[in-house]
Amino acid sequence: MRSCGDGLGSRRVLPLLAFPVLCLTACQQQSNAPPPPPRCASSPTLAGLGEHTPASALTSQRIPLWASRIQSFLDRGVIPLVDLQSSLARSHGEKYLGEALWAMDELGIALIAFDGYEEPEPAADEESDTYNWGRYPEEVAERYPDRIIPATNGGRSPNWKTGGDAFVSAVERNIRSGAYPIIGELNFRQYMPGWRWEPGVTGADRYVDIPLMSDKGRRILALSSETLIAVPAHIEPEDPALEDLEAALAAYPRAKIIATHFGQVRRPKRCTRFGPDLVRRLLSTHPNLYYDLAISTPGHVHYDPRVFDGAIWRDGPNGGQLAEVKPEYSALFAEFSDRFITGLDYGIGRSPLAAHLSAKAKNVRLILRDLPESCRHDIAYRNAWFLLTGGVWPEA
Ligand SMILES: [Zn+2]
């Protein structure tokens with residue numbers, strides 16, 4: 001269905017729901033013409049993208065700015081990246097954002113959706129049932145509406161991890177307010193971040209452990225079902241976590257779940273099911289599943305020096321990893337090019353923002369390098385466009 005976009009002109013960003021109707025008409029008029037070549041390996045269709053997301057009034061106002069920004073890169077022959085998975089603390093933004101805005105232009109990063117942190121930082125009382133909603137992403141999006149998209153606060157606070165439901169209630173309120181086109185990354189199952197880890201620390205493997213099908217998870221999934229706004233979920237692909245994911249996808253078929261950090265396998269012995277075959281089955285069965293490519297660079301280790309945590313990279317000589325995607329994963333990205341999105345994964349504990357964006361954008365472009373041209377556009381920005389706006393970016 002997307003292949004009909006040619007006749008519509010590459011610079012038009014059509015209002016919601018208008019595109020399928022116009023496309024249908026164009027297709028009917030061209031019914032005697034030979035079918036166009038497949039866009040990607042399996043010629044993914046709009047059907048795979050799921051339902052349209054109704055945009056709030058605020059998002060609708062900003063959509064033309066986002067569209068112009070994306071188009072400005074396309075006009076220069078650059079495939080723009082739209083990052084749906086980064087976090088920005090006020091202290092980092094005040095220090096690094098100015099330089100990073102210039103870096104975005106140079107790196108071909110059109111838009112970044114930043115989620116926020118609790119402000120001021122909470123006391124380490126994990127039993128508390130309060131949450132102070134941080135407004136910094138909204139502030140920077142107001143200042144730079146053509147570059148920054150506000151996501152809700154991310155799920156990483158003591159209240160989210162072990163406290164009551166104050167954070168979840170705040171997410172519900174703020175999403176329903178219409179101020180955010182996407183939920184911030186919620187850590188459901190997460191190992192302790194490498195920058196926090198030190199030898200001898202305990203509990204590193206259960207740093208966050210909240211099933212998607214828990215009470216908190218169900219409320220978030222119900223919110224996504226109600227609003228059709230996507231929820232990025234950090235889950236380590238351990239066997240029980242994958243069962244939980246599949247149960248959630250089936251129980252909440254309207255919830256758009258972005259499983260973050262595709263192919264990040266840090267404890268291989270616990271992740272015996274994860275691999276291209278399992279992912280192919282999940283994507284084929286559940287049209288509400290997406291993955292982001294916020295994945296480690298080749299040769300990266302977490303805190304087990306014996307394990308490279310990027311499972312998609314080819315093995316190299318002498319036990320190393322090559323800067324090349326395994327063919328079975330490239331085939332998967334092409335076959336389901338409408339289900340993978342860009343994630344650059346900035347947050348506290350990382351290098352300065354511009355340097356981080358440079359390394360992560362390079363990594364995403366390395367993943368895209370060997371894919372058919374149309375698939376690169378899908379994964380770089382078109383799928384993000386759909387999740388943010390509910391519209392389909394017309395093909396050139
Ligand atoms: Zn994450």
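The values are calculated or read from the model by the stated rules, or taken from the named source; none is laboratory data. Quick caveat: nothing in here was measured; it's all calculated off a predicted structure. Counting neighbours? That spans all protein chains shown, and the Cβs are built from the backbone with ideal geometry, glycine included.
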*State which residue pairs qualify: first residue farther than 17 Å from TYR381 by Cβ and inside region 49-67, second residue of a type in the set (Gly, Ala, Ser) and modelled with pLDDT under 80 in any location, beta carbons under 6 Å apart, and separation of 6 or more residues or different chains.*
none
*asked:* Give me the residue from region 302-336 that is part of a strand (DSSP E or B) and either out of contact with any strand residue (DSSP E or B) (no Cβ under 6 Å at 6 or more places or on another chain) or of a type in the set (S, T, N, Q) (or both) and, out of that set, surrounded by the fewest Cβ atoms within 10 Å (Cβ to Cβ).
replied: ASP315
*Looking at LEU249, LEU245, which is the one that is away from the ligand (no atom under 16 Å from the Cβ) and not in a loop (DSSP other than H, G, I, E, B)?*
LEU249
*Which ones in region 260-273 are more than 19 Å from LYS326 (Cβ to Cβ) and within 16 Å of the ligand (Cβ to nearest atom)?*
THR260, ARG267
*For region 208-227, what are the residues that are within 16 Å of the ligand (Cβ to nearest atom) and acidic (Asp, Glu)?*
ASP209
*Quick one: in region 172-207, of everything that is aliphatic (A, V, I, L, M) and touching a helix residue (DSSP H, G or I) at 6+ places or on another chain (Cβ under 7 Å), which residue is nearest to the ligand (Cβ to nearest atom)?*
LEU186
*Being within 14 Å of ARG369 (Cα to Cα) and not hydrophobic (A, V, I, L, M, F, W, C) is the filter here, so list the residues in region 291-331 that pass it.*
GLU324, LYS326, PRO327, TYR329, SER330
*Condition broken by PRO120, with the remaining ones in (1) buried (at least 22 other Cβ atoms within 10 Å of the Cβ); (2) out of contact with any Asp or Glu (no Cβ under 7 Å at 6 or more places or on another chain); (3) under 21 Å from SER169 (Cα atoms) satisfied*: (1)
